[in-house]
1. Name the residues whose placed amide hydrogens come within less than 5 Å of the amide hydrogen of T121, ignoring near sequence neighbours (fewer than 5 apart) on the same chain.
2. Below 12 angstrom from the Cβ of A38, what's the summed charge of the other residues (Lys, Arg +1; Asp, Glu -1)?
3. Pick from S355, S363, S333: which residue has the top mean-square fluctuation in a GNM of the chain where Cα pairs under 10 Å get a spring?
4. Are any of the pairs K62/K307; K250/K321; K83/K271; K220/K352 more than 18 Å apart by Cα-Cα distance, and if so, which?
5. In region 282-379, which trypsin sites (Lys or Arg not before Pro) fall in coil by DSSP and have 10 or fewer other Cβ atoms within 10 Å?
6. Once a ≥ b ≥ c are taken as the square roots of the eigenvalues of the Cα gyration tensor of the chain, is the result rounded (a/c under 1.5), prolate (a/b larger than b/c) or oblate (a/b not larger than b/c)?
7. Can you give the three extents of the C-alpha atoms in region 9-88 along their principal axes, from longest to shortest, in whole Å?
8. What net charge is computed for the residues neighbouring R305, neighbours being all others with C-beta under 12 Å from the C-beta of R305, Lys and Arg scored +1, Asp and Glu -1?
Amino acid sequence: MTILLLGSGGREHAFAWKMTQSPLCDQLFVVPGNAGTAAIATNINISPTDFEAVKALVLKEKIGMVVVGPEDPLVKGIFDFFKNDDQLKDIPVIGPSKVGAQLEGSKEFAKEFLMRHKIPTAAYDSFTAETVEKGCDFLATLKAPYVLKADGLAAGKGVLIIHDLAEAKEELRNMLVGQKFGEASSKVVIEEFLDGIELSCFVLTDGKNYKILPTAKDYKRIGEGDTGLNTGGMGAVSPVPYVDAVLMEKIETRIVKPTIEGFQKDGIEYKGFVFIGLINVNNEPIVIEYNVRMGDPETEVVIPRLKNDLVELFLATANEKLDEITLEIDSRSATTVMLVSGGYPENFEKGKVISGLENVTDSIVFHAGTKLENGAVLSNGGRVMAITSYGDDFQEAIKKSYQNIAKLSFDKMNFRKDIGNDLL
């Protein structure tokens, strides 16, 4: 079949890399893609949220399945757009309905879902510009640090953790009245702070059945030792060494099962990935957030550990037959380190020539913010590429990633040198 993949990051390159290995994939189009996907698929330079342009491409190329990488098209309702169009309704879309996508599109919707289905999560309340002073009063009832979350999509940067009460109140006013995150922070969720170790649990569901994918841990802060500003992710490790069978069993029975059952009870159509951001507090898993797609850079360590045919998995998801598939997972560890542009996550320059790609051995390079120009690969974003490696344990894998990073360069290239150190 001919498949269309939406997105342009490292996650999408990892999906493309895996799907093109499938005998079921005759041709793969990526919208808009990057220099990495250009080498293995056909990039088409249209926006993933321009649904009419996507429709025209799907009809022209006789596309048989659409896989949605990022959250934006999902929150804007691409699943429903296909379902409600006579020419598109028989083409499966891997990703939830618009209502399902609200689990990521609205922090308040997600918290209400968690409470309604008795899934463990932090205590919270939500506020708008009109109720900002009530929000400040609510902050005063909590213990530091204070967690403020922009309700809408803020490209992974809408969460603030603040230790000082006066500063927390000031930031709440900044978000609600000063529109710090624009429309995304017209409503803000204030949450109690949970102290523990974070991890990500990834689930593929057809709405009834589900498969739990390998666990992963990502590193959000720009600086070593988890310091500095939040980013989209600086690296990841899979599996998470401290997640044992007992913790996994708790995650499945208390969180994954009630989440999928919640979709059915609420009549939410959901065929795609559920990314559950968890915190392990004294060996009790608690949900911090839902995302409605795979994480990035976690995809770059989870997908390489999947032995199954990814297209086959997606078809089973579309046909509600995931229960007929047995997941096969590579027992090796996988690690990835993200190379980023100097200045990221703040102001950074693009268009830097990347050299040394041909010298990489024993690692997989997943392109993120890259483009091809006159035969050269140039940086084209904040996060530029992820260097993924396998090893018998994560230490061996991470060593390979760093050895290969030493062969790569572009102007002002930056990366964290301590990925996985907290797990030693």
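1. Amide H neighbours of T121: V287.
2. On the way: positive: K371; negative: E12, E373.
Around A38, the surrounding residues sum to -1.
3. S355
4. On the way: K62/K307 28 Å; K250/K321 25 Å; K83/K271 13 Å; K220/K352 24 Å.
Distance filter (> 18 Å) returns K62/K307; K250/K321; K220/K352.
5. K307
6. Because its axes are fairly even, with a/c under 1.5, the chain counts as rounded.
7. Over region 9-88, Cα extents along the principal axes are 32, 24, 18 Å.
8. For residues surrounding R305, the net value is -1.
The values are calculated or read from the model by the stated rules, or taken from the named source; none is laboratory data. For clarity, every value in this text was computed on a predicted model and none was experimentally measured. Neighbour counts are summed over all protein chains in view; Cβ atoms, including those assigned to glycine, are modelled from backbone coordinates with ideal geometry. Remember, those area values only see protein heavy atoms, side chains included, never the ligands or the DNA or RNA. Shrake-Rupley method; radii C 1.70, N 1.55, O 1.52, S 1.80 Å.
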